[in-house]
Amino acid sequence: MLTAELIDDPAGLEPWVARWDALATEVGAPYCAPAWMISCWHHTVAGDARLRTVIVHDGGELVGLAPYFVQLHRLGLAEYRVLGAGISHRIGPIARAGHEDEVAAALTQALAAADPAPSSFLLEGVDRAAPWPDLIRTDWPGRLRPTLRKTYMMNAPTLSLEGEFEEWYESQSANFRQKMRQKRRQMEKRGGEIRMVTEPDEADRVLDSMIRQHRERWAARGLEGSLQHGMEEHLRSAVPALLPEQRARLWSIFADGEAVSTHLFFTAGGEVASWGGGFEPEWASVSPAQLVILAAVEDAFRRQERRVDWGGGILDYKLRFANGDDPVEWVALFPKNARYPLTRARMMPKAARLAARNLYRRLPEPTRDRLQGLRGRAKGR
């Protein structure tokens, strides 16, 4: 029989960190690694929140876990969310292969009995193929099953790494290959060199540069990009923890000792997840982001990894380096308790905002830029 243990203090997670990390690697879930999720708890969770993570084990053997926290709202509503929600995709419960059903039964019982009682139970950015929404609904205790609502789905381009890099590269358009050769020559003529950062001290400097470049690039478009509340501190915590085993990879173009372009990836068990990056505007003419990404893709092929996941959302650079689409979903379960009507009423505006955001992200990038420009001018009035 499996035992489900609900942990409400970060110190209680420490004895499980190594086994948790091994499980995240086993199932190929980079953003479910404890170095990422525990750092999220410390740096990115806002408001009145409390840890509610469930460890499912057989003796000392970790079989699965649900990395949850509860966010408390007005009128006593308790929203259970996954650590990393809002800043990472393909997150949620994880379990050893073949044990999903029994893990779901154990963790659902524990979360249903948690204090405070869940008003809503969210899976945000979960892989659309993941079984967890249906399993949790089926295993929820009591006569009435929770209402399951899929608020929206987001396309997520991916690159399958089957075969050799040369085969994939030759399958790309002649125009793309010619452009990459030309841009690389231009980069090298300006003194640029592409390599992956491995030394901690250098990684700190490169990460600082990447954060600045990322922020400035998105600020010019009136957006935050991926640097939301606490994200800079979170990256400065998670990247050094994962760098020694190359589970965090900073691929950069260096010129005169400075990183003029960087892209950050996280990996686990053959899965390579793209976080994003930035570059110095004066290097834009050599397509530095594409050159760095191409080097990282070649490296992933050489390591015989399984897939590069570009994350939710359609952007031109993702489509250039993708040969598949593995969408992610936002799913909410509403237990049918005394607060059920109030919870649903509160969720309606949020669902509308998510639907509008999903529609916006489906627009072509030039259209999104024009809308952002109009929004910026409206704010300036």
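Return a whole-number percent for the relative contact order of the chain, with Cα pairs under 8 Å and 6 or more residues apart as the contact set.
Taking the mean separation of contacting Cα pairs over the length of the chain, I get 22 percent.
Keeping every protein chain in place, order 158, 138 by accessible area at 1.4 Å, biggest value first, i.e. largest first.
Descending accessible area places them as 138, 158.
On C-alpha positions alone, give me the angle between the axis of helix 340-361 and the longest principal axis of the chain, in degrees, nearest 10.
Taking Cα atoms only, the helix is inclined about 10 degrees.
Could you compute the FRET efficiency for residue 216 and residue 129, with r as their C-beta to C-beta distance and R0 at 30 Å, rounded to 0.05?
0.25
Out of the chymotrypsin sites (Phe, Trp or Tyr not before Pro) in the range 191-270, which ones are loop residues according to DSSP with at most 15 other C-beta atoms within 10 Å?
Passing both the DSSP loop test and the Cβ count: no residue.
Would you mind checking the tilt of helix 365-380 against the longest principal axis of the Cα atoms of the chain, expressed as 0 to 90 degrees and rounded to 10?
80 degrees
For the range 115-226, give the percent of accessible area contributed by carbon and sulfur heavy atoms, probe 1.4 Å, rounded to a whole number.
Here carbon and sulfur together make up 44 percent of the probe-accessible area.
May I ask for the angle, rounded to the nearest 10°, between helix 34-43 and the longest principal axis of the chain, with both axes built from Cα atoms and the value confined to 0 to 90°?
Orientation of helix 34-43: about 80 degrees from the principal axis.
Show 73, 214 ordered by accessible area, largest first, where the area counts protein heavy atoms only and the probe is 1.4 Å.
73, 214
May I ask for the longest run of the chain untouched by GluC sites (Glu not before Pro) that are loop-located per DSSP and have at most 14 neighbouring C-beta atoms (other than their own) within 10 Å?
In short, 1-161.
If eta is 0.890 mPa s and T is 25 °C, what Stokes-Einstein diffusion coefficient results for the chain, Kirkwood Rh from Cα pairs, in µm²/s?
Using the Kirkwood radius from Cα pairs, D works out to 111 µm²/s.
Contact order normalised by length for the range 8-87, with contacts defined as Cα pairs under 8 Å and 6 or more residues apart; what percent is it?
26 percent
Between residue 72 and residue 180, what length comes free when the chain is fully extended (0.36 nm per residue of separation minus the Cα-Cα distance, one decimal in nm)?
Fully extending the segment from residue 72 to residue 180 adds 33.9 nm.
The values are calculated or read from the model by the stated rules, or taken from the named source; none is laboratory data. Keep in mind the model is a prediction, meaning the values are calculated, not measured. Cβ atoms come from the backbone with ideal geometry, glycine included; neighbour counts cover every protein chain shown. To get the accessible areas, we keep the full protein, side chains included, count just its heavy atoms, and leave off ligands, DNA and RNA. Shrake-Rupley method; radii C 1.70, N 1.55, O 1.52, S 1.80 Å.
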